[in-house]
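Data block below; observations after.
Nothing in this text is a laboratory measurement; each read-out follows from the coordinates by a stated rule. Being a predicted model, the structure only gives us computed values, none of them experimental. Cβ atoms come from the backbone with ideal geometry, glycine included; neighbour counts cover every protein chain shown.
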């Protein structure tokens with residue numbers, strides 16, 4: 001494996017780790033609200049969260065690029081605040097990855113929270129457990145399989161991103177070049193052997209991740 005490929009691997013893993021942590025922090029309360037809320041605009045929030053599932057990555061990446069560029073509202077504000085940009089930076093990659101992978105974290109968690117029997121939460125309430133206490137001591141443990149699935153899918157999906165990260169981050173070795181873009185570079189320059197090594201690694205990783213997810217879901221179903 002070439003030095004640039006090792007660097008791209010490190011950037012990819014760092015991006016996936018940071019994005020997954022942020023996704024869990026943001027996605028968990030969103031999933032809890034979607035599972036418990038009866039608000040009339042709930043369907044709009046669900047559609048907005050699920051939008052990256054049907055939207056071409058380049059479309060999402062294009063509008064994020066406009067948003068995060070120095071002339072955009074978010075990018076301009078960030079540049080005024082810090083003196084640095086968001087587009088074509090690792091921070092920009094994280095923002096794009098979080099938005100693009102959000103449904104892969106929210107939906108498994110939402111399904112897990114929705115499957116919790118209401119009497120269980122009501123019983124905790126009768127024991128004078130507050131809302132936060134019920135969530136952390138009752139809901140989260142019961143939704144453990146959904147949490148593990150969300151974490152695994154969020155991490156794996158970030159590993160394989162291409163369109164969004166290319167639009168927002170470009171292809172800067174050591175900064176924004178991830179494995180999927182490195183594969184594209186190798187194919188474009190007819191370095192098929194290097195492309196095969198990276199592609200085979202991602203293929204094996206993706207297969208193992210799916211096996212783990214299905215195994216966790218099967219065990220969860222057997223216990224319930």
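Computed from Cα positions, the angle between helix 90-114 and the longest principal axis of the chain comes to roughly 30 degrees. Between helix 73-82 and the chain there is an angle of about 80 degrees, using the helix long axis and the longest principal axis of the Cα atoms.
Once you order the gyration tensor axes a ≥ b ≥ c over the Cα atoms, which shape class does region 82-164 get: rounded for a/c under 1.5, otherwise prolate or oblate by comparing a/b with b/c? Here region 82-164 falls in the prolate category.
Of 199, 189, 69, the sequence from fewest to most neighbouring Cβ atoms within 10 angstrom is 189, 199, 69. Label-to-label distance, residue 55 versus residue 14, with points set 7 angstrom from Cα along the beta-carbon direction: 2.7 nm.
Packing order of peptides 137-148, 101-112, 72-83, 36-47, highest average first: 101-112, 137-148, 72-83, 36-47 (average count of other Cβ atoms within 10 Å over each peptide's residues). Could you tell me the distance between the Cα centroids of region 28-48 and region 159-224, to the nearest Å? Cα centroid of region 28-48 versus Cα centroid of region 159-224: 30 Å apart. In the chain, the longest principal axis of the Cα atoms and the axis of helix 144-159 are about 10 degrees apart. In this entry, region 3-223 is assigned a mean projected area of 14.7 nm², taken as a quarter of its C-alpha convex hull surface. Neighbour counting of Cβ atoms within 10 Å sorts the residues 133, 71, fewest neighbours leading, into 71, 133. Among 135, 162, 113, the ranking by other beta carbons within 10 Å of each residue's beta carbon, starting with the fewest, stands as 162, 135, 113.
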